[in-house]
Amino acid sequence: MITIDRHISRMISRHDCVIVPGFGAFLAQRLPAYYNADDKLYLPPRRTLVFTPHVTMDDALLSTAYMEDYGISHNQATILMQDDVRKLKNELSRKGKVYLGDLGVLSMNIDGVVS
């Protein structure tokens with residue numbers, strides 16, 4: 001079972017970027033409130049979430065989430081996180097898509113690009 005989504009969700013609620021080392025990054029963009037004149041509605045501020053496979057360096061934010069959640073060392077957290085990333089990649093390869101709870105769906109195209 002892949003549990004990396006709950007760690008990403010928790011960290012993206014606090015930060016605008018969560019990097020999954022060796023995989024990609026989830027980026028949150030804040031959008032201001034606005035008035036929709038066509039529907040005559042005021043819409044509240046919100047955040048949108050995008051994934052980019054181009055940012056893969058380790059900023060230790062995600063391993064920190066593992067450390068906090070499990071009360072383990074940084075080394076142990078890194079090993080667990082890497083195992084979850086491996087599982088995520090395997091599931092994407094097998095199924096072509098993976099559901100990540102509140103984060104949405106990631107899919108892999110025929111060229112192996114994840115979006």
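The values are calculated or read from the model by the stated rules, or taken from the named source; none is laboratory data. The shown structure was predicted, so the numbers you read here are calculated from the model rather than taken from an experiment. As a convention, Cβ positions derive from the backbone with ideal geometry for all residues, glycine included, and neighbour counts pool all protein chains shown. To get the accessible areas, we keep the full protein, side chains included, count just its heavy atoms, and leave off ligands, DNA and RNA. Shrake-Rupley method; radii C 1.70, N 1.55, O 1.52, S 1.80 Å.
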Test result for residue 6, closer than 18 Å to residue 99 by Cβ and open to solvent by 60 Å² or more (accessible area, probe 1.4 Å): yes
Looking only at the stretch 9-22, and only at residues there that are under 10 Å from the mean Cα position of the chain (by Cα) and not charged (D, E, K, R), the one that is surrounded by the most Cβ atoms within 10 Å (Cβ to Cβ): 18
Residues (touching an Asp or Glu at 6+ places or on another chain (Cβ under 9 Å) and within 14 Å of residue 102 (Cβ to Cβ)) located in the stretch 13-42: 18, 28
Selected residue (only one of 77, 28 is among the small types (Gly, Ala, Ser), surrounded by 14 or more Cβ atoms within 10 Å (Cβ to Cβ) and touching a Lys or Arg at 6+ places or on another chain (Cβ under 6 Å)): 28
Residues (among the charged types (D, E, K, R) and either part of a loop (DSSP other than H, G, I, E, B) or modelled with pLDDT of 95 or more (or both)) located in the stretch 51-70: 58, 59
Boolean, residue 84 is assigned to a loop (DSSP other than H, G, I, E, B), under 14 Å from the mean Cα position of the chain (by Cα) and surrounded by 11 or more Cβ atoms within 10 Å (Cβ to Cβ): no
For residue 93: the one exception among (1) at pLDDT below 95; (2) closer than 18 Å to residue 4 by Cα; (3) in contact with a helix residue (DSSP H, G or I) (Cβ under 9 Å, 6 or more places away or on another chain); (4) not charged (D, E, K, R): (3)
Residues of the stretch 30-62 satisfying the condition of being touching a residue at least 40 places away in the same chain (Cβ under 8 Å) and more than 22 Å from residue 105 (Cα to Cα): 59
Residues that are under 22 Å from residue 31 (Cβ atoms) and surrounded by 12 or more Cβ atoms within 10 Å (Cβ to Cβ), drawn from the stretch 48-58: 49, 51, 52, 55
Qualifying residues in the stretch 23-50 (those that are in a strand (DSSP E or B) and within 16 Å of residue 85 (Cβ to Cβ)) - the one nearest to the chain's Cα centre (by Cα): 26
